[in-house]
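Some notes on the structure that comes next.
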Amino acid sequence: MKTGVKIFLTFFTLLLFAQPAHADQVSEGLKRAKTQNKELVMYFYSQYCPYCEAMDNMLGDADVSSALEKEFVYIRIDADKMPGYGRKYQIRGYPTTVLAESNGKIIARVPGYIPKKDFWKVLTYLKGKHYKTIGLGEFLQPG
C-alpha cells in the first residue's frame, strides 16, 4: 500500500474515532453490539483531562483503532457533554474504559490511562470471552 494511502487511512480513522458520542450514537452502538453479537468498549473521557489526551493518542494508534473497529463496538463518550451516561455507568474519574457484553451487561470498568501493551491484554480478555471464567484483574496478573 502506498504511503500516501496509509497516511490518509490513518488520518480518516483518527477523525472517525475522535468524534464524541451523542445519545443516539450510544443507543445505536448498544443496538449494533446486540445485533452483531460483539462486545462493547465504551471510552469515557473529559476534554479537560491530560490523561484522557494521552489515552486518546494511544486509541488513535492505527493498530488499536483498527482492532476496535473490526472486533468490537467502540463508543467514545464525552462526559462533559453527556454527564448522564457517566452517572448511568457509575464512572468516578476520567478516563475510564467500560467493557460490556453484547447485551450491554457490564464486565469491567477500567479507570485511568491504559498503556498500549496493557490495552491489548484487555482487548484479548474481552475478545476471548475470558470474562466468563476469570476476572480482569486476575487475567492481567503476570505469569
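Laboratory data are not the source of any read-out in this text; all were calculated from the coordinates shown. The shown structure was predicted, so the numbers you read here are calculated from the model rather than taken from an experiment. Neighbour counts run over all protein chains shown; Cβ positions are idealised from the backbone, glycine included.
Here are the numbers for the structure shown:
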read-out	value
Residue-wise HN-Hα coupling along region 117-131, computed from phi with Karplus coefficients 6.51, -1.76, 1.60 (Hz; x: Gly, Pro)	5, 6, 5, 4, 5, 4, 5, 5, 4, 6, 4, x, 6, 5, 4
Relative exposure of T97, T124, judged by other C-beta atoms within 10 Å (fewest first)	T124, T97
Selected from V73, A108, P50, residue furthest toward positive end of dipole (region 17-128; charges at beta carbon)	A108
Under the Karplus curve 6.51 cos²θ - 1.76 cosθ + 1.60, θ = phi - 60°, whole-Hz ³J(HN,Hα) for region 97-104, x wherever Gly or Pro sits	10, 10, 9, 9, 5, 4, 7, x
Under Karplus coefficients 6.51, -1.76 and 1.60, residue-wise ³J(HN,Hα) of region 48-55 in Hz, glycine/proline x	9, 10, x, 5, 5, 4, 5, 5
Cα gyration tensor category, rounded, prolate or oblate, for region 38-94 with a/c compared to 1.5	oblate
Length released on extending from Y48 to K127, taking residue separation times 0.36 nm less the Cα-Cα span	25.4 nm
Extension gain from K31 to K81, taking 0.36 nm per residue of separation minus the Cα-Cα distance	15.8 nm
Distant-in-sequence amide H partners of V110 (H built 1.01 Å from N, under 5 Å)	T97, V98, L99
Amide H contacts of R76 (H built 1.01 Å from N, under 5 Å, at least 5 apart or other chain)	A21, Y43
